[in-house]
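Q: Take a look at the following structure, please.
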Amino acid sequence: MSGLFRTLRRRRLLRRPFPPEWLGYLEQRVPFFRELAPPQRERFLEQLKVFAWEKEFIGAGGFSITDEVRAVVSATAVRLVLYLDLSYYDRLREVIVYPDAFRIPDRTGVVLGEAKNWGTVILSWQSVLAGLRNPHDGHSTATHEFAHVLDREDGAFDGTPQLRRYSHYRAWASVMGEHFLKLRQGRSLERQVLDDYGALNEAEFFAVATESFFEKPLQMREKTPALYEELRRFYGGDPTPGM
């Protein structure tokens, strides 16, 4: 999709009214939505409807895409770019949703989520709901996979998304690299904040750190403040209560 066409399409989608029934889905299923201040909520809903109508949602494994699924999954994606821009999802074309854990040809065992290089995110609906039901445990499959999409937007799954300014890259590399190595070494502070899966590689570290940033911000700010600050500077908001 060309940039001009995408811009015109998004302007058209913004003019469409937000479906009132979607508010009920968000209030029931999405705890962080209830915490948004009015100005944040307005921007959130605008981005959500564009994402929900722009991306193709596909049910798999006998699963049917409903408005509830479309709204709730879109909410988990838009949370990450509320202070960024929807352009971070320009490469994302489709969201495939299974009813539960699934299998894919190039992976062993069952999978709860996957972000593909060609612009596809695959999710388990039950895993999406589980992540939302436990909003402070640091585990959210949808957040994890959409973080991979942000990472991939600059061309590679390498743990470094397109930062706001060129001058931010040096500090990002230093801080993220330091905490990645400490997690691989099993340091206690990092393990109190981050899941061990983040030690697999830099891309997984960024996705795992994003989960913790949004779900365990107080712990991250207390125990790994430099990591917290880099993520706060990138995402642009402060998810700690009352901020």
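The values are calculated or read from the model by the stated rules, or taken from the named source; none is laboratory data. The structure displayed is predicted, hence computed values, not measured ones. Cβ placement follows ideal geometry from the backbone for every residue including glycine, while neighbour counts extend to all protein chains displayed. All accessible areas refer to the heavy atoms of the entire protein, side chains included, with ligands and DNA or RNA removed. Shrake-Rupley method; radii C 1.70, N 1.55, O 1.52, S 1.80 Å.
Q: Mind listing just one residue for me: the one in segment 156-169 that is among the polar types (S, T, N, Q) and in contact with a Phe, Trp or Tyr (Cβ under 8 Å, 6 or more places away or on another chain) and, of those, most open to solvent (accessible area, probe 1.4 Å)?
A: GLN162
So that you can scan it fast, the table gives a plain yes or no per residue for (1) out of contact with any strand residue (DSSP E or B) (no Cβ under 7 Å at 6 or more places or on another chain); (2) modelled with pLDDT under 95; (3) within 15 Å of TYR228 (Cα to Cα); (4) not in a loop (DSSP other than H, G, I, E, B):
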residue: ALA156; (1), (2), (3), (4): yes, yes, no, no
residue: PRO161; (1), (2), (3), (4): yes, no, no, no
residue: HIS168; (1), (2), (3), (4): yes, no, yes, yes
residue: ALA171; (1), (2), (3), (4): yes, no, yes, yes
residue: MET176; (1), (2), (3), (4): yes, no, yes, yes
residue: PHE180; (1), (2), (3), (4): yes, no, yes, yes
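Q: Can you tell me how many residues within segment 170-199 are under 19 Å from GLY131 (Cβ atoms) and either surrounded by fewer than 14 Cβ atoms within 10 Å (Cβ to Cβ) or of a type in the set (D, E, K, R) (or both)?
A: Matching residues across segment 170-199 total 2.
Q: Moving on. In this structure, is GLU229 at negative phi, assigned to a helix (DSSP H, G or I), out of contact with any Lys or Arg (no Cβ under 6 Å at 6 or more places or on another chain) and acidic (Asp, Glu)?
A: In short, yes.
Q: Between residues in segment 168-197 that are touching a residue at least 60 places away in the same chain (Cβ under 8 Å) and residues that are open to solvent by less than 20 Å² (accessible area, probe 1.4 Å) and among the hydrophobic types (A, V, I, L, M, F, W, C), which pairs lie under 9 Å by C-beta distance while being six or more apart or on different chains?
A: Close Cβ pairs satisfying both conditions: HIS168/PHE234; TRP172/LEU163; TRP172/PHE234.
Q: Note down all Cβ pairs under 8 Å where the first residue falls in segment 40-58 and is outside any helix (DSSP H, G or I), the second is among the hydroxyl-bearing types (Ser, Thr, Tyr) and open to solvent by less than 20 Å² (accessible area, probe 1.4 Å), and they're at least six residues apart or on different chains.
A: Here the result reads LYS55/SER74; LYS55/TYR89, each pair linking segment 40-58 to a residue that is among the hydroxyl-bearing types (Ser, Thr, Tyr) and open to solvent by less than 20 Å² (accessible area, probe 1.4 Å).
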